[in-house]
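Note sheet for the following structure.
The values are calculated or read from the model by the stated rules, or taken from the named source; none is laboratory data. Fair warning: this is a prediction, and the values are worked out from it, not measured in the lab. Every residue, glycine as well, gets a Cβ built from its backbone with ideal geometry; the counts of neighbours run over all protein chains shown.
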Amino acid sequence: MTGNASPSQSHNRKSLILLSGRGYPELAEQISAELGVELTATSAYDFANGEIYVRYEDSVRGSDAFVIQSHTAPINTWVMETLIMIDALKRASAKRITVVTPFYPYSRQDKKHRGREPISARLISDLFERAGADRIMSVDLHTAQIQGFFDGPVDHLFALPLLADYVEAKYSGAKFTVVSPDSGRLRVAERWTDRLGGCPLAFIHKTRDPLKPNEVVAHRVVGDVAGRSCILVDDMIDTGSTIVSAARQLKDAGAADVIIVATHGILSGPAIDRLKNAPINEVVLTNTLPIPPERQIDGMTVLSIAPLIARAIREVFEDGSVTSLFDGAS
């Protein structure tokens, strides 16, 4: 039978809606533009005592809702706002709720190092699920095991193709060595070497004091870096201590160039001053987190993650294949 859909068929058709938290609305707007879908009007504000209020101005009943929230500082505020947004959608009868958190909050607290410690990354998943989320989408999780914390689909996207394409084009003809800042990130570095045609792999042997967060003592370089362009890769840069210490180790070991590449630019506290004074050629980041002009420096490039997230949202909404977005393939 051909012809226009009946009213009942039209009513049952899925509708995609995008909702933005207040953590980083500019990224949500970029994703909206990529998809050609307007953000749903939302009223959100804080009461005098800090409590958060959220209300959607349009109906969300029966929708496939994607809550886009960047969990930047103040991270606890935006986690709470995300939970309230999910709850509001659930109570307004949204059909499916996906939390799009480009930077997964508390991702470094994914296991217990000592007794009486929490596993906060698991707690975040539990909170999202209890609030009513059906699915989570994130970019470059700190550890793959976080996917198992959520009792539902987790779309783990990789920024590697975006970052590698930029580095290959910018430094065409260079003799690359991919460097992991520690042995724990070797799997990420191995994906880079595969992407770059099997170039050498190196890592920094280091120790970390568990009693001093963000403090690292770098020791020595393991691998061939002398006279080579070293791509120093990590998932995030927070205070910059780890990555800058590694860059100095590479230069001391005879590296010709050092290019720092990371997905998440947290850039807390002294990070910018450390990067300014580091012996590096360039810092390449994505905009999973906001990097305002005052936190940017000469030699810093920020690539937009919006096209990748928009493509993943479209594939999820249309029940398509998103495997190529998960495994780092182009």
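Look at region 287-299: where a residue is part of a helix (DSSP H, G or I) and at pLDDT below 95 and a partner is surrounded by 12 or more Cβ atoms within 10 Å (Cβ to Cβ) and not basic (Lys, Arg), sitting 6+ places away or on another chain with Cβ atoms under 6 Å, you get ARG295/LEU267; ARG295/ILE272.
Check whether at least one residue in region 153-174 is touching a His at 6+ places or on another chain (Cβ under 6 Å) and among the polar types (S, T, N, Q), and report yes or no. The answer is no; no qualifying residue exists. In this structure, SER59 qualifies as assigned to a loop (DSSP other than H, G, I, E, B) and more than 24 Å from the chain's Cα centre (by Cα). Within region 87-133, the set of residues being under 18 Å from TYR56 (Cα atoms), free of Cβ contacts under 8 Å to residues at least 60 places away in the same chain, β-branched (Val, Ile, Thr) and out of contact with any Gly (no Cβ under 9 Å at 6 or more places or on another chain) comprises VAL99 only. Somewhere in region 266-274, is a residue among the small types (Gly, Ala, Ser), more than 24 Å from ILE68 (Cα to Cα), part of a helix (DSSP H, G or I) and touching a residue at least 24 places away in the same chain (Cβ under 8 Å)? So far as region 266-274 goes, yes, one or more of its residues are among the small types (Gly, Ala, Ser), more than 24 Å from ILE68 (Cα to Cα), part of a helix (DSSP H, G or I) and touching a residue at least 24 places away in the same chain (Cβ under 8 Å). Among residues of region 144-165 that are farther than 15 Å from ARG187 by Cα and at pLDDT 95 or above, those with a beta-carbon under 6 Å from a residue that is of a type in the set (Asp, Glu) and part of a loop (DSSP other than H, G, I, E, B) at least six positions away or on a different chain give the pairs ILE146/ASP110; GLY152/ASP134. Against the condition modelled with pLDDT of 95 or more and of a type in the set (Gly, Ala, Ser), how does ALA262 come out, does it pass? Against the criterion (modelled with pLDDT of 95 or more and of a type in the set (Gly, Ala, Ser)), ALA262 qualifies.
Considering only residues that are out of contact with any strand residue (DSSP E or B) (no Cβ under 8 Å at 6 or more places or on another chain) and among the small types (Gly, Ala, Ser), look in region 300-330 and name the one that is modelled with the lowest pLDDT. The qualifying residue modelled with the lowest pLDDT is SER330. The residue of region 64-79 that is nearest to the chain's Cα centre (by Cα), among those that are of a type in the set (Gly, Ala, Ser) and part of a loop (DSSP other than H, G, I, E, B), is SER70. Of all the numbered requirements in (1) in contact with a Phe, Trp or Tyr (Cβ under 6 Å, 6 or more places away or on another chain); (2) of a type in the set (Ser, Thr, Tyr); (3) over 28 Å from ALA312 (Cα atoms), THR177 misses one, and that requirement is (1). Against the condition buried (at least 23 other Cβ atoms within 10 Å of the Cβ) and either at pLDDT below 95 or over 18 Å from ILE231 (Cα atoms) (or both), how does LEU267 come out, does it pass? Against the criterion (buried (at least 23 other Cβ atoms within 10 Å of the Cβ) and either at pLDDT below 95 or over 18 Å from ILE231 (Cα atoms) (or both)), LEU267 qualifies. Is one or more of the residues making up region 177-193 more than 20 Å from the chain's Cα centre (by Cα) and at pLDDT below 95? Taking every residue of region 177-193 in turn, at least one turns out to be more than 20 Å from the chain's Cα centre (by Cα) and at pLDDT below 95. Taken over region 13-49, the criterion of being over 25 Å from THR288 (Cβ atoms) and in contact (Cβ under 8 Å) with a residue 24 or more places away in the chain is satisfied by LYS14, SER15.
All told, VAL37 meets the bar of being modelled with pLDDT of 95 or more, assigned to a loop (DSSP other than H, G, I, E, B), within 23 Å of PHE103 (Cα to Cα) and β-branched (Val, Ile, Thr). Is it the case that region 93-115 has a residue that's on the phi > 0 side of the Ramachandran plot, modelled with pLDDT of 95 or more, surrounded by fewer than 18 Cβ atoms within 10 Å (Cβ to Cβ) and small (Gly, Ala, Ser)? Yes, region 93-115 has at least one match. Candidates in region 243-261 are the residues that are at negative phi and small (Gly, Ala, Ser); of these, the one that is surrounded by the most Cβ atoms within 10 Å (Cβ to Cβ) is ALA247. Within region 315-323, does at least one residue satisfy the condition of being without any contact (Cβ under 8 Å) to a residue 12 or more places away in the chain, within 20 Å of the chain's Cα centre (by Cα) and over 21 Å from GLU29 (Cα atoms)? Taking every residue of region 315-323 in turn, at least one turns out to be without any contact (Cβ under 8 Å) to a residue 12 or more places away in the chain, within 20 Å of the chain's Cα centre (by Cα) and over 21 Å from GLU29 (Cα atoms).
Scanning region 135-169 for residues that are acidic (Asp, Glu), in a loop (DSSP other than H, G, I, E, B) and over 20 Å from ARG311 (Cβ atoms) gives a single hit, ASP151.
Criterion applied to SER59, SER63 was being buried (at least 20 other Cβ atoms within 10 Å of the Cβ) and either among the hydroxyl-bearing types (Ser, Thr, Tyr) or more than 28 Å from ILE266 (Cβ to Cβ) (or both), and the one residue passing it is SER63.
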